[in-house]
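In what follows, a structure is listed as C-alpha cells, so that the remarks can point back to it.
The values are calculated or read from the model by the stated rules, or taken from the named source; none is laboratory data. Computed from a prediction, not measured in an experiment: that's the story for all the values here. Cβ coordinates were reconstructed from backbone atoms using ideal geometry, including for glycine residues, and neighbour counts include every protein chain displayed.
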Amino acid sequence: MFSTEFVTNYIHRYGARLGLAVLAWIGLWALSYVLGYDRHASLWFPPSALDVALFLAFGWAAIPMVWIGAGAPAILSSLMLDNSIGWNPICLAVVYGAIHVVSYGGFAWVLNRSRLPRDKIDHVGVGFLWAPLFCGIAAIGGVLNLAAFTNVTLAQALELAPGWWIGDLIAVSTLTLPFLCIIHRGRFGTPFQAETLNWLVLTTVLFCTSSYLVYLSAGRIPVSLEAYLQLLPLLWATHRLSPISISILVSWSELLFVVRAMLFGVGEGAFEYQGAMLAIGAITYVGTAIPTLLAERSHFQRLASTDGLTGLMNRTSFCALAESELARTRRRGGILSVAMIDLDHFKRINDTMGHSIGDQALKKVSDCLSTVVRTGDLVARWGGEEFVVCFPDTALGSAMEISERLGGAITTLSVGNGTVRAMLSASIGVAEIGDGESLSDAINRADSALYMAKNAGRNRVLSADLPSLSTVVA
C-alpha cells in the first residue's frame, strides 16, 4: 500500500515526533489509569486531547502517531498481565487505534474546515458544538471494541459508555489547547503569562478550602457547589489572561478534582464529579471566546476609525479626537491650530500615470506626515488628496513652522514607474482656532488659506487670519 520510499521519507521527517507522540500517549494513558476510579474508567482521558492536538499540528502525518499510540497500551497490558501477546490484544490495539484516528482525526478536520479568518468566534464555537459528537463516536467504538476482544460483556461495556464519553469530552475541551501549544509553539505569540502562577495558587487554595468544607459537611454540601466556587476565579481570570493561560488554569482545576477523587474515592458520585468537571471545562470556551471577541471588536474599531489606503485616521475619527483635544486645551487656557494639506497636481498624476501611482503618492505622503509631526499631533486623511493636522497647544507661528517642515519633506518625495517619475509637492493652509470658534469653522478657514496657496502658485504654506469677535458670535 505504501512504497518503501514513502515510509523512509516519513520516518526521516517525522520519526522523532512519532516516538515522542507514542511515549506521550502511553504516559498520559498511565496517568489516567493511576488516577482512575475503576479498571476501565477515569474521570477524564487526556490522550484524547493529545490526539486532536496531533492532528491539528501535523494533519494526516499524525495518523501513525495516534494509531500506534492508542494501540500500544493494549499490547503493554497484555505483556504485563499475561507475559505474552495473543490475537485478541493485537486486534484490540489495531481497532482501538483506528477508532481514535477516525474520531479525533475527523474532529480536527472539522475544526480546520471551519477556520475562517472573518469568523474566529464561530471557529471557537464549532469545537464545542462538535466535540460531544466525536467523543461519543470514540466512546461507543471503544466500549464495543472492549466487548469484542476482552472478557467484558456487552452489557458491562455499554454501562461504561457514558463515563468514557464524558471523560473524553472533559479532556478534549480543556487539554487540547495546552497540548497544541506544546506541540506547535509557533502558532502562539504569548502562550503563557507569569500572572497565571498567581491564579494557580488562588485556585488551589480555594479548591482545598471548599473540599475541606464538603468533607466537614459529610456530604450535605454537593460537589456542584464546590464546582461553582471554582468557577468564580476562572470567570474573573478570563478577562485578564490569554486563552492558553486560561486553558492551563482550567486543566489544573480539573486535575485537582481528579486527584481528590483518587484520594477519597467517588463512590456512586462519579457522574456528579464529571458533571462538575464538564461545567468547569466550559470556561475554556469562555476564556477563548472573550479574547477573540475583544480582538474582533478592536479590529472593527480600527477599520471604522482608519483610512484603508493610508492607515491614517479617517475624517470621523479625527473630528472626534480633535474636538476632545480642543475642549481639553480650552479648559487649560491653551491654544490649538489646524492645517489643511492638499497634494499639487494630483489629478494629473492619476490621469497620466494611473491610479496605482496615485495611491502610491498618497501612501508616501501619509508616511511622511506621520514621521515629521510631533508626538501628540493628530494626522488624518480628510478625503481625496487632502490631509488635515491638528496641533495641540500650538500657536499660529509654531504651527506655520511645522507646516513648512511638512511641505519641505513632501517635496523630497517622488512616485512613478522606472524612469518616469513625478516629484510631489503640497499646498498648505494653517489656522489658529479663535476664542469661541468651532473646530469646523477653523478647518474651513484653513481650507480657504489652502486655496489661496494654490492660487498663489502652489507648493507653499499660507495662514488664515483670526476671525473677528463679531464673526464668532454670529
> Can you tell me which residues in region 304-332 are assigned to a loop (DSSP other than H, G, I, E, B), over 26 Å from the mean Cα position of the chain (by Cα) and surrounded by 17 or more Cβ atoms within 10 Å (Cβ to Cβ)?
Replying inline: 314
> List the pairs whose first member sits in region 48-74 and is of a type in the set (Gly, Ala, Ser), whose second member is not in a helix (DSSP H, G or I), and whose Cβ atoms are under 6 Å apart, counting only residues at least 6 apart or on separate chains?
Replying inline: 57/184
>> So residue 359 passes all but one of these: (1) among the acidic types (Asp, Glu); (2) on the phi < 0 side of the Ramachandran plot; (3) outside any helix (DSSP H, G or I). Which condition number does it fail?
In response: (3)
> Just wondering, is there one or more residues in region 397-417 that are part of a loop (DSSP other than H, G, I, E, B), farther than 20 Å from residue 317 by Cβ and acidic (Asp, Glu)?
Replying inline: no
>> Being modelled with pLDDT under 95 and out of contact with any strand residue (DSSP E or B) (no Cβ under 7 Å at 6 or more places or on another chain) is the requirement here; does residue 470 meet it?
In response: yes
> How many residues, within region 417-431, are in contact (Cβ under 8 Å) with a residue 60 or more places away in the chain, farther than 13 Å from residue 388 by Cβ and either surrounded by fewer than 17 Cβ atoms within 10 Å (Cβ to Cβ) or of a type in the set (Gly, Ala, Ser) (or both)?
Replying inline: 5
> Among the listed residues 63, 137, which satisfies the condition of being part of a helix (DSSP H, G or I), assigned by TED's automatic domain parsing to the domain that holds residue 181, modelled with pLDDT of 85 or more and farther than 15 Å from residue 164 by Cβ?
Replying inline: 63
> Which residues, taken from region 429-443, are in a helix (DSSP H, G or I) and either of a type in the set (A, V, I, L, M, F, W, C) or over 43 Å from the mean Cα position of the chain (by Cα) (or both)?
Replying inline: 439, 441, 442, 443
